[in-house]
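Participant: Just dropping this structure here.
The values are calculated or read from the model by the stated rules, or taken from the named source; none is laboratory data. Everything numeric in this text was worked out from a predicted model, so none of it was measured. Positions of Cβ are backbone-derived with ideal geometry, glycine not excepted, and every protein chain shown enters the neighbour counts. Protein only, heavy atoms only, side chains kept; ligands, DNA and RNA dropped before computing areas. Shrake-Rupley method; radii C 1.70, N 1.55, O 1.52, S 1.80 Å.
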Amino acid sequence: MGLCGSMRCWRWQHGSAGALMAGVGVLLLGLSLAQTVPPQTQCPAPANPQSLPQPVYQNTTEGDSSGFLSAFVQSFLNTVQPNPFPKELILRLVKESNQVLSNQDIINETLWYQVGFLVCAAIGILYIVLMPIVGFIVACCRCCGNCGGKMYQKQTSAIHCRRRTLYWSAFITTVIIFAGNVCMFKSNEALKATVDQTSEAVGRTFDDINSFLAAVPEEVNHVVNESYKTIEEVTRNLDTIGPQLGKEIQEAFRETIEPALNSVRLLNEDTENTSDQLNQLNSSLTQLQMSVDQLQANVTAVKNQINQTLSNANCIGCNKLLPELQKLDTLDRVVTIPNVYELQSAADEVIKTNLTAKIKEVEDYFNSIPQRVTNETDDVVLNSKQLLDDIKEQISKISDDLPLSTLNNISETLEGLHRDIQKFGPEFERGERIRWAVSVAVCCVVLLVVVCNLLGLVLGPLGLTPREDPTKRSQTADCGGTFLMMGAGFSFLFSWLFMILVLVLFLLGGNVYTLVCRPWNNGQLLKFLDTPGLIPGLDIGPSLGLKSNISISTIYKACEKNQPLWITLHLNEVVDLDDVLNVSKYTDQIQQFFDNSNIALSTITLLSPDVTNQLSSFSNKSKDLDSTDITQQMNNISSINLNTTADKLDQLADAQTNADTKKELQKQARDLRQIQADIETTIIPQTEKLNSSMHSLQSIVGKINGTVGEVLSNVGAAQDFLNTNTTQIVKTKSKMFMDCQLGFFVVYTDWANVTITQHLGRCGPVAGAVNSIEEFLCLDLVESLNAFWFSLGWCMIFFIPSIILSMKLAKYYRKMKQSDVYEGDLRMSSIPRAQIKVN
């Protein structure tokens, strides 16, 4: 085969290799398109359910607000009533309420329990009875001129000491009464402030309890609604199972096929470079062949002319040049490249496999995986959605099983009670205004006594001259004595009335403290209320459907710790939470549906055995490409030197005698030099360019063997992986997808269990409301009331020494009607005794 034929074979081989590389590139593109979606995490973490909404409660408990006299009053009442809470006695009174007056034992036991109050009441009654009687007797005696009415004062040496003693005693007593009076004013204002806040405090308490009762159903609905969100999320995932699960399967395939794709990409790149070098080699060979053909024709023509000249008989010594002429025969060769035909044939066979269609098949295969998954799981998704509806219905039973209706009834009852309390608000306010006015009047009367005593204690000493005759005392001193007598008179007039008020408030406030506040504070009252049958209809356990009853004290203690309703009300006896939140019986069925599903993905052949053989043959043929011969030919062409032959022709021409022969030899020498010049200017550059193209081609072709080997190895590994693991991958990814969906339910059920048992309906606000009632009733209302009667009683007790001291001290300041005689250094009165007038 000639050089031109060889070049045509190279061009055909180049076209076949290009087609092969283009087909491989399309295959890579198809597989790449199947992986354009970013890989999804195998199981995204489910969103945490939102925490329970917390209602806003008002601060009903403001801490300890005990009155300023609480310690004194409580100490006094504890002394008066040291007996413990009479639980058994009250129970008997409740059970035998119709026969209390006829049951002497109950009456005796009651009187014995109240013996402290009875003693104090007896003292008060004695005060109430005796004080007006004594006052009446004193008034009568004064009208008769006795008991302080006789205006005569005996003068002795100790009179000034007695006066001072009486003065300071009266002053101290007045200060004590004034202190009690200040406590009366303060306790009255504290009681008024407490009563004024009653409406607001009661409203806050009812609002907090109603907020709590309203929040519990909302919290239950929140737990149920969170289950709906979980079910909706799983439903959305099932509706998009094709894209999600299909892309997971594609991701599993991509991890193995990617190395094969990378090696094919590298082979495609090398093939493109080879194609470029083949084009350059083809062009260089064509140009060189044309130049060599022209060179060969010129050399042959000059050689024939030299043969004719040397054969001429006139040529002298021409026979010596015949061996030199034989060297021109070395140009008579054809430039060829070995094994080109075999390499071209292998490339043609690869092109005939039509890799474009195969790439389209692979592309369709990978792109159809999501749709195939969707088609194959239609029944599974439908059945799973039906089970999800069953789960939704089961969880919704939580709101039906919990005793929410009871809470609604309690809320309605409390609202009705609040409305009833508000109806009496105006009457209560009017009564409070009257009470406050009466209390202020009482305080002012006590203050009047204090003022009279203080005026007497101030004016008396100011107007008194100790050495002055008692009959000549000043009007100021006399006025001071009169004020002291007025204070005693007011004390006699009002003290017994005020003692009635003290007695009534003492019996009321003292018993409320000892029978309500004190046992409430130490917990005995709540235990008493737990007595079965004490409050008709108050059976908390049966009303909630519980197997056991629950005591009020137990509920209160749990609420003090802010425990949830699940623990406080023992709701585990009503609701089997483990059964309600046990969705495994449904999820197991869903899992079984997926296990029985058959997502059929037919195994695809990436490269058929024929294509693999053609690639192997192509690789082997590329190894056989040898450029040694052509390199030698290029070197031979480069080593041609026709100037040597031309020089010898010139030397031979110089030896010729025949002018024609000489001219012919000289002309032939010039022709050889011209041919040599053409070789150096045309052939030599072309050979160098051909050599460069050949070396570049060899360097690229040298990589093809390794690249093809890597392609065949990676594709073989990928094909084995697809053949052996496709089914397992589908099942594994399906199980992972299903486990991910079921994991949503696991997270929800764990959250719901913890929320219901540990956070739902924390009843701290209920205990807070009870504590606020105790604080308002006992620490504010009862303490202020007790402080008022204690202060008033304090003043009434000290009215007695105040009366005595005031009446005795008044004679030291009032103007006497008769004077006493002095014995010794004391002067006698100049008024005859017969002339003494009695006031």
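Participant: Suppose we keep only residues that are at pLDDT below 80 and outside any helix (DSSP H, G or I) within region 84-126. Which one would you say is farthest from L515 (Cα to Cα)?
Facilitator: Here the residue is S102.
Participant: Further, regarding this structure: Within region 659-674, how many residues turn out to be open to solvent by less than 90 Å² (accessible area, probe 1.4 Å) and touching a helix residue (DSSP H, G or I) at 6+ places or on another chain (Cβ under 9 Å)? First the steps, then the outcome.
Facilitator: Step one: of region 659-674, the residues open to solvent by less than 90 Å² (accessible area, probe 1.4 Å) are 659, 661-662, 664-666, 668-669, 671-673.
Now drop any that are not touching a helix residue (DSSP H, G or I) at 6+ places or on another chain (Cβ under 9 Å), which leaves 661-662, 664-666, 668-669, 671-673.
Qualifying residue count, region 659-674: 10.
Participant: Name the single residue that is least open to solvent (accessible area, probe 1.4 Å) among those in region 158-178 being without any contact (Cβ under 8 Å) to a residue 60 or more places away in the chain and over 17 Å from G481 (Cβ atoms).
Facilitator: Per the stated criteria, the residue is A158.
Participant: Give me the pairs: first residue in region 563-588 and under 16 Å from V216 (Cα atoms) and open to solvent by 50 Å² or more (accessible area, probe 1.4 Å), second residue assigned to a helix (DSSP H, G or I) and not acidic (D, E), beta-carbon distance under 8 Å, and six or more apart or on different chains, which are they?
Facilitator: Short answer, once both residue conditions are applied: I567/A558; I567/T757; H570/G541.
Participant: One residue is enough: does region 655-667 have a residue meeting the conditions at pLDDT 75 or above, out of contact with any strand residue (DSSP E or B) (no Cβ under 8 Å at 6 or more places or on another chain) and within 18 Å of S291 (Cα to Cα)?
Facilitator: No: zero hits.
Participant: Among what's in region 415-444 and is surrounded by 14 or more Cβ atoms within 10 Å (Cβ to Cβ) and β-branched (V, I, T), pick the residue that is modelled with the lowest pLDDT.
Facilitator: The extreme case among them is I421.
Participant: Now for a separate question. Regarding region 732-745, can at least one residue be identified that is among the β-branched types (V, I, T), at negative phi and open to solvent by less than 40 Å² (accessible area, probe 1.4 Å)?
Facilitator: Initial filter on region 732-745 (among the β-branched types (V, I, T)): 732.
Applying the additional criterion that residues be at negative phi yields 732.
If we keep only those that are open to solvent by less than 40 Å² (accessible area, probe 1.4 Å) as well, we get none.
Checked region 732-745: no residue is among the β-branched types (V, I, T), at negative phi and open to solvent by less than 40 Å² (accessible area, probe 1.4 Å).
Participant: Going through A787, A752 one at a time, which residue ends up being over 20 Å from L77 (Cα atoms), among the hydrophobic types (A, V, I, L, M, F, W, C) and open to solvent by less than 20 Å² (accessible area, probe 1.4 Å)? Steps first, please.
Facilitator: Numbers: A787 fails: over 20 Å from L77 (Cα atoms).
The match here is A752.
Participant: Let me ask something additional. From (1) within 30 Å of I590 (Cα to Cα); (2) of a type outside the set (A, V, I, L, M, F, W, C); (3) surrounded by 14 or more Cβ atoms within 10 Å (Cβ to Cβ), pick out the condition that doesn't hold for K397.
Facilitator: Result: K397 passes all but (3).
Participant: A further question follows. Looking at T661, T707, can you tell me which residue is in contact (Cβ under 8 Å) with a residue 60 or more places away in the chain and touching an Asp or Glu at 6+ places or on another chain (Cβ under 6 Å)?
Facilitator: Values: T661 fails: touching an Asp or Glu at 6+ places or on another chain (Cβ under 6 Å).
It is T707.
Participant: Something else now. Look at I630 and say whether it is farther than 30 Å from N319 by Cα, modelled with pLDDT under 75, open to solvent by less than 30 Å² (accessible area, probe 1.4 Å) and touching a Phe, Trp or Tyr at 6+ places or on another chain (Cβ under 7 Å).
Facilitator: Details: farther than 30 Å from N319 by Cα: yes; modelled with pLDDT under 75: yes; open to solvent by less than 30 Å² (accessible area, probe 1.4 Å): yes; touching a Phe, Trp or Tyr at 6+ places or on another chain (Cβ under 7 Å): no.
Criteria not met by I630.
Participant: Next up: Report, ordered by the first and then the second residue, all pairs with beta carbons closer than 7 Å, sequence separation of six or more or different chains, a first member in region 413-429 that is touching a residue at least 60 places away in the same chain (Cβ under 8 Å), and a second member that is in a helix (DSSP H, G or I) and open to solvent by less than 100 Å² (accessible area, probe 1.4 Å).
Facilitator: L414/F206; L414/I209; L414/N210; E415/N210; H418/F206; I421/V202; G425/S199
Participant: I need a count of the residues in region 102-146 that are open to solvent by less than 40 Å² (accessible area, probe 1.4 Å) and hydroxyl-bearing (S, T, Y). Full working, then the answer.
Facilitator: Filtering region 102-146 down to residues open to solvent by less than 40 Å² (accessible area, probe 1.4 Å) leaves 103, 106, 113-114, 116-117, 120-121, 124, 127-128, 131, 135, 138, 141, 145.
Then keep just the ones that are hydroxyl-bearing (S, T, Y); that gives 113, 127.
Selection size over region 102-146: 2.
Participant: Moving on to the next point. If N714 passes every condition in (1) within 30 Å of G242 (Cβ to Cβ); (2) without any contact (Cβ under 8 Å) to a residue 40 or more places away in the chain; (3) open to solvent by less than 60 Å² (accessible area, probe 1.4 Å) but one, which one does it miss?
Facilitator: (2)
Participant: Please specify each residue of region 640-658 satisfying the condition of being open to solvent by 80 Å² or more (accessible area, probe 1.4 Å) and hydroxyl-bearing (S, T, Y).
Facilitator: T657, the sole residue that qualifies.
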